[in-house]
Number of protein chains: 2
Amino acid sequence: MAQKTQKLVEEITPMEEDFAKWYTDIVKKAELIDYSSVRGCYILRPYGYAIWENIQRILDTRFKELGHENVSMPMFIPESLLQKEKDHVEGFAPEVAWVTYGGSEELQERLCVRPTSETLFCEHYAHVIHSYRDLPMLYNQWCSVVRWEKTSRPFLRSVEFLWQEGHTMHETAEDAMAETRQMLDVYADFCEQSLAMPVLKGQKTKKEQFAGAEATYTIEAMMHDGVALQSGTSHYFGDGFARAFDIQFTGRDNKLAYPHQTSWGVSTRLIGGIIMTHGDDNGLVLPPDIAPIQLIIIPIAQHKEGVLDKARELAARLKKIVRVKLDDSDNSPGWKFSQYEMKGVPVRLEIGPKDIEQNQCVLVRRDNREKIVVGLDELETAVPAALTAVRDGLYEKALKNREERTYTAHNWEEFLQIANEKSGFIKAMWCGDEECENKIKELTNIKSRCIPFEEEHIGDTCVCCGKPAKHMLYWGRQY
Amino acid sequence: MAQKTQKLVEEITPMEEDFAKWYTDIVKKAELIDYSSVRGCYILRPYGYAIWENIQRILDTRFKELGHENVSMPMFIPESLLQKEKDHVEGFAPEVAWVTYGGSEELQERLCVRPTSETLFCEHYAHVIHSYRDLPMLYNQWCSVVRWEKTSRPFLRSVEFLWQEGHTMHETAEDAMAETRQMLDVYADFCEQSLAMPVLKGQKTKKEQFAGAEATYTIEAMMHDGVALQSGTSHYFGDGFARAFDIQFTGRDNKLAYPHQTSWGVSTRLIGGIIMTHGDDNGLVLPPDIAPIQLIIIPIAQHKEGVLDKARELAARLKKIVRVKLDDSDNSPGWKFSQYEMKGVPVRLEIGPKDIEQNQCVLVRRDNREKIVVGLDELETAVPAALTAVRDGLYEKALKNREERTYTAHNWEEFLQIANEKSGFIKAMWCGDEECENKIKELTNIKSRCIPFEEEHIGDTCVCCGKPAKHMLYWGRQY
């Protein structure tokens, strides 16, 4: 019976065989992404976009709780505006898309499609900031930006991508610095709690800073294969842009002063992070907070009397507490199991005639396939508990992976050996000199990740030059 | 005391003096919009964007209830893709922005910034529609689009604007037509219920149809000055794009067939509609459903003991049922009254020492300034009732304005006279010939609005040529 209607869930390449292909298989077969004919631009399909909507909802609520307001800036930046802050334009001009024609008319000044919007926000701030009473100004926008990247991979690197960019202005340097650190904490908490993705918090070296920033903070996650993913950044600008854009306010002392600025962002790259942190050979594994479907109900022997009715009754009941879907299609249960494993649904509920007789059902966790027999009257507590267990299980597994793949290099030989043989983070002492950073990158093709907020003392000398060390740095290959 | 801290709320130009200037004053002084240095592109400030967020939330919920799913398409369309459907490219090519450079490299094929996304959706549909089981495909996206308009006005006409675009594919022409009509109804209900803005529903003439559509349906609102605002449209495409993009599916009869298509959209232009439908000489008037602040609490004699405490207590209580703000700044109550009238907050709650003594407060409606004394224990019912009364009051007033400004022309002399002397809708019979439509436009500079779904029989002959009439048409100047 089941055999007749059985479709096969398409196979995906095993992770160990080819991680890159495994990744691409998942984004396509879990129906997250479709390719468009525009180079480096992807289509987010409903299931992929629904993950982004959940990310947006949680973060947007948190931003607003902290007093931020959403705005919408133009997508175009006139060339002269982009050029106002010198470091910034140097960093971004080589990778922007230029609009040169409107209809059949050549523009007098070309416009770039925003790669980021500091310049637009600053132009606006100059109009609306007059007094210390106007500060802080805590703005955010959800939009897409464009960076003319040569290579692209779904979610990880693309010409256009969706993100949010927070831009804030403050009365004092201290206030701005506190905001910069606060927003990094918001990102880190979100990644750890809602995405079950452990992150390192730290500061980027000067070489890796955002163009125009005085300090860039980062959260760095480790993917299943040991490669790093920069997952979110927050930047402290001091008053550099404010001076370039002539933004001044009358202070409490009645004197004119320049405000201090921050910006911070996360993007759909987080979805790439979720895939590569939690996915397995059966497909996607989604942390419950952002899963479009948190619970999939699969009736067993659904042609038997009462099964579908009971399944529908449970779906209606559980809809009040979780995002639930009932699959009552005529595909076989086996096909459905595979299908929703591919889609990463965190918990599956199986219910058949024997279960109904005993007033129970089976919950199956996606992360470890653990089965739990649960009385039907306990579902309101058992389902949320199972979801929490999945989140915790995912987090523990990811943390273990990161711990196992974090290595310490006390000297150059050790560094080289780890770089050649392992994939993961390398902790090493550093003199603080950009020359050493460049040299390590050149010789190993590994970039510095960050100076962690919690530095460990693992030696006294720089692994590269042997001079006295100033900081402990994390190193790692990156997506 | 109050005098000392009093700031003046900036004056706005009276409507009757200069409606256009009144409009611009409101968008600036209610802090909805700021001008950017990008020609024809506006900045939505927090208060303006919050209105859009409320519009989005209500419509998005409704779309999803009806089975639609959100997706995200690229913002760029390669020139060759735009050209695939001939009528469509003819309509849009003259007004698109062209990207010709990526960084310092000239592109082999230029890309336009989407003016609308039918072509992108169709390219994707060709990948994902295989069987009748895949239909209907009910997609929507929230994004911005770009049309290289020569003139611009905040919310009404701009180079870039925010909107949503629904794009759906159906098994049969009937299904697609039903969707086209359904979504127009969704828009009309939303405008009438949530925006308190009466709309006419009807079909555009062939001349005014969307480029590439077989039929375009529209909702037409009338602004305070009698000028029409096309507020939302839905389009039926038949299988024209499907043929151009070679989108085919295997039908129930096992034969290949072309699916039938719709698209539909509303934009931030709705905010312009709200302003010009409900605003008055004191500023903005917001319908409660989309007002960022629904209730403003203004303490009277707030330096007196107990007043601020009580005001805070009420704010905390009412927060559970409405979007409430307490203004406890040291500005005078008079200034606060004017400020929140300017911002269009639908209901104001005043509370002072005498009110507290009597366990009451005063509610003041923004639309007609009616004051209602309400016992503090009844606020949970009185505040929602006052909001409903504001919505109903606004709707009635707008409907009355439309009725008073709707004229009937039985012949050409009447048409001309109304066109010259009045501002509003003109109902007139029409032979169905585009030549007459063109002639009327040429002679009066008035465009046809729509053939209403509910046609009245007001004569037998075309007002223009005198030949037998086929339809009743609405005419009117437009924003």
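Bear in mind that the values in this text are calculations on the coordinates, not laboratory data. Small disclaimer: the values here were computed from a predicted structure and weren't measured. Virtual Cβ from ideal backbone geometry, glycine too; neighbours counted across all protein chains shown.
Considering only DSSP states other than H, G, I, E and B, which chymotrypsin sites (Phe, Trp or Tyr not before Pro) in the stretch A:291-392 qualify as loop sites with at most 14 other Cβ atoms within 10 Å?
Passing sites in the stretch A:291-392 do not exist.
Relative to the first principal axis of the alpha-carbon coordinates of chain A, what is the inclination of helix A:412-421, with its axis defined by its Cα atoms, in degrees from 0 to 90 and to the nearest 10?
40
Distance check, please: which entries in B:Lys201/B:Lys427; B:Lys439/B:Lys467; B:Lys28/B:Lys422; B:Lys21/B:Lys397; B:Lys397/B:Lys439 exceed 25 angstrom between their Cα atoms?
Cα-Cα > 25 Å for B:Lys28/B:Lys422; B:Lys397/B:Lys439; rest within.
With Cβ to Cβ distances under 9 Å as the rule, what net charge do the other residues near B:Tyr407 carry (K, R +1; D, E -1)?
+2
Once you average over the residues of A:63-73, how many Cβ atoms of partner chains fall within 10 Å of each Cβ?
Mean partner shielding for this stretch: 4.
Just want to confirm a number: the relative contact order over the stretch A:46-162, from Cα pairs under 8 angstrom separated by 6+ residues, in percent.
27
I need two numbers for the stretch A:426-479: Rg to one decimal and Dmax as a whole number, Cα atoms only, in Å.
10.3, 31
At 1.567 mPa s and 4 °C, plugging the Kirkwood radius over alpha-carbon pairs of the stretch B:176-224 into Stokes-Einstein gives what diffusion coefficient in µm²/s?
Diffusion coefficient, whole number: 112 µm²/s.
Sort B:51-58, B:95-102 for me by packing, meaning the mean count of neighbouring Cβ atoms within 10 Å per residue, highest on top.
Top of the packing list down: B:95-102, B:51-58.
Please report the net charge: other residues with Cβ closer than 10 Å to the Cβ of A:Pro136, K and R +1, D and E -1.
Taking every Cβ under 10 Å from that of A:Pro136, the sum is -4.
Can you list residues whose amide H is under 5 Å from B:Leu107's amide H, if they're 5+ apart or on another chain and H is modeled 1.01 Å from N?
B:Tyr101, B:Gly102
Give the Kirkwood hydrodynamic radius (Å, one decimal) of the stretch A:192-273, defined as one over the mean of 1/r across all pairs of different Cα atoms.
When all Cα pairs of the stretch A:192-273 are included, the Kirkwood radius is 14.8 Å.
What FRET efficiency do you get for B:Thr24 and A:Val128 if R0 is 22 Å and r is their Cβ-Cβ distance, rounded to the nearest 0.05?
Rounded to the nearest 0.05, the efficiency is 0.80.
If you take the beta carbon distance between B:Glu16 and A:Thr444 as r and set R0 to 51 Å, what does 1/(1 + (r/R0)^6) give as a FRET efficiency, to the nearest 0.05?
Efficiency, rounded to the nearest 0.05: 0.10.
Calculate how steeply helix A:46-65 sits against the longest principal axis of the alpha-carbon atoms of chain A, using the helix alpha-carbon long axis, and give the answer as 0 to 90 degrees to the nearest 10.
Helix A:46-65 and the main axis of chain A meet at about 50 degrees.
Report ³J(HN,Hα) in whole Hz for each residue of the stretch A:147-163, in order, from the Karplus equation J = 6.51 cos²θ - 1.76 cosθ + 1.60 where θ = phi - 60°; Gly and Pro get x.
Going residue by residue, I get 9, 6, 6, 6, 10, 8, 9, x, 6, 8, 7, 8, 5, 10, 8, 8, 7 Hz, with x marking Gly and Pro.
Report, as an integer, the average count of C-beta atoms from other chains found within 10 Å of each Cβ along B:127-137.
The per-residue average across the peptide is 1.
Would you mind estimating how fast the stretch B:223-314 diffuses translationally, via Stokes-Einstein at 37 °C and 0.692 mPa s with the Kirkwood radius over Cα pairs, in µm²/s?
174
Could you tell me the ratio Rg/Rh of the stretch A:19-278? Both radii from Cα atoms, Rh via Kirkwood.
With Rg and the Kirkwood Rh in hand, the quotient comes to 0.98.
Collect residues whose amide H, placed 1.01 Å from N in the peptide plane, falls under 5 Å from the amide H of B:Thr408; neighbours closer than 5 in sequence don't count.
When sequence neighbours closer than 5 places are left aside, the close amide H contacts are B:Lys427.
Grab the eigenvalues of the alpha-carbon gyration tensor for the protein assembly as shown, scale each by 5, take roots, and send me the semi-axes largest first in whole angstrom.
47, 38, 31
Where does the charge balance sit around B:Arg181 when Lys and Arg score +1, Asp and Glu -1, over other residues with C-beta under 12 Å from its C-beta?
Combined, the nearby Lys, Arg, Asp and Glu give -3.
Could you tell me whether chain A comes out rounded, prolate or oblate from its Cα gyration tensor? Rule is a ≥ b ≥ c as square roots of the eigenvalues, rounded for a/c under 1.5, then prolate if a/b exceeds b/c, otherwise oblate.
Prolate is the answer for chain A, as a/c is 1.5 or above and a/b outweighs b/c.
Mind checking the angle between helix A:333-342 and chain A's longest principal axis? C-alpha axes, 0 to 90 degrees, to the nearest 10.
10
What are the ³J(HN,Hα) couplings of the stretch A:239-255, residue after residue, when phi is run through the Karplus curve with 6.51, -1.76, 1.60 and θ = phi - 60°? Round to Hz, x for glycine and proline.
Whole-Hz 3J(HN,Hα) from phi for the stretch A:239-255: 10, x, 5, 4, 5, 5, 9, 6, 9, 10, 9, 7, x, 4, 8, 6, 9.
Using Cα positions and a limit of under 13 Å, work out the aspartates and glutamates in reach of B:Lys354, with same-chain residues fewer than 8 apart set aside.
B:Glu305
Just tell me how shielded A:40-51 is by partners: mean number of partner chain Cβ atoms within 10 Å of each residue's Cβ, no decimals.
Partner Cβ neighbours, averaged per residue: 5.
How high is the relative contact order of chain A, in percent, counting Cα pairs under 8 Å that sit 6 or more residues apart?
14
Determine the shape class of the stretch A:293-393: with a ≥ b ≥ c the square roots of the Cα gyration tensor eigenvalues, call it rounded for a/c under 1.5, and otherwise prolate if a/b is greater than b/c, oblate otherwise.
Verdict is oblate for the stretch A:293-393.
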